[in-house]
Amino acid sequence: MRTYPLTLTLAAALAATVVLTGCSDDKAGGDDVKNADRPSDSACALGDMGVEVGAGAAPAAGDTGTVTVTLTNKGAQCTLKGFPGVDLMFEDGTTSVSPDEGAKAQSLTLAKDGTTSFTITYVRGEAGSAKSLDVHKASFTLPGDTRTAHELEWTYGEVARTEGTQASVSGFETSGD
């Protein structure tokens, strides 16, 4: 009777058990486990954020409307440095939204469960006009996490354009207590 192959098989099984024990899929740790190695001064990741959208839609062409995006940090403490990147998507393409005129980029540290918001301000365009963009979606990214975008349906009407899009984005504002 040969014991050599059995010994190798047993050794391989023991090694696999040791390796798999270190790879726990424990859900009890949640976001704390996922973010345990992230430094406190690192950029905020969109995947760690809860997202809520509220709008004060412009009722008619020429009126100004706002779309406020509130972010709640579900991960470890992180930092937002700069402006959110916002794109408006329409049938023929995409256009980027510039920061509010005169706005300055700031650094904001966001603790776990902390909230912040930013606002997209736009002028409603006339339906069907060549001077309007029929926007269907908007997307945004966070500074330091520009590969991950969050899309939202745009149900707030056309966006006016003259020499560029008549829309802008604010910087991050502190929210809550």
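The values are calculated or read from the model by the stated rules, or taken from the named source; none is laboratory data. Keep in mind that this is a model prediction, so the values were computed, not measured. All Cβ positions, even for glycine, are placed from backbone atoms using ideal geometry, and neighbour counts span all protein chains on display. Just so you know, the surface numbers come from the protein's heavy atoms only, side chains and all, with ligands and any DNA or RNA stripped out. Shrake-Rupley method; radii C 1.70, N 1.55, O 1.52, S 1.80 Å.
For the reader, a short list of remarks on this structure follows.
- In the full protein context, segment 40-177 carries 52 Å² of accessible surface per residue, based on a 1.4 Å probe and ignoring ligands, DNA and RNA.
- Length, then width, then depth: along the principal axes, the Cα atoms of segment 76-177 run 45, 27, 23 Å.
- Three-way shape label, segment 69-109, alpha-carbon gyration tensor, a/c 1.5: oblate
- Listed residues ARG147, ARG161, ARG124 arranged by accessible area, highest first, probe 1.4 Å: ARG147, ARG161, ARG124
- Extending 7 Å from the Cα toward the beta-carbon at both ALA105 and VAL51 defines two label points whose distance is 2.1 nm.
- Interchain or long-range residues, amide H under 5 Å from GLY114's placed H: ASN73
- ³J(HN,Hα) computed for each position of segment 74-79 - Karplus, 6.51 cos²θ - 1.76 cosθ + 1.60, integer Hz, glycine/proline x: 9, x, 6, 3, 8, 10
- Distant-in-sequence amide contacts of GLN106, defined by a placed amide H-H separation under 5 Å and a gap of 5 or more residues or a different chain, comprise GLY82, PHE172.
- Given a 1.4 Å probe and the protein chains as shown, ASP87 ends up with an accessible area of around 50 Å².
- ASP92/LYS112 FRET efficiency (R0 25 Å; Cβ-Cβ; nearest 0.05): 0.05
- Placing R0 at 45 angstrom, the Cβ-Cβ distance between ARG147 and THR64 gives a FRET efficiency of 0.90 after rounding to 0.05.
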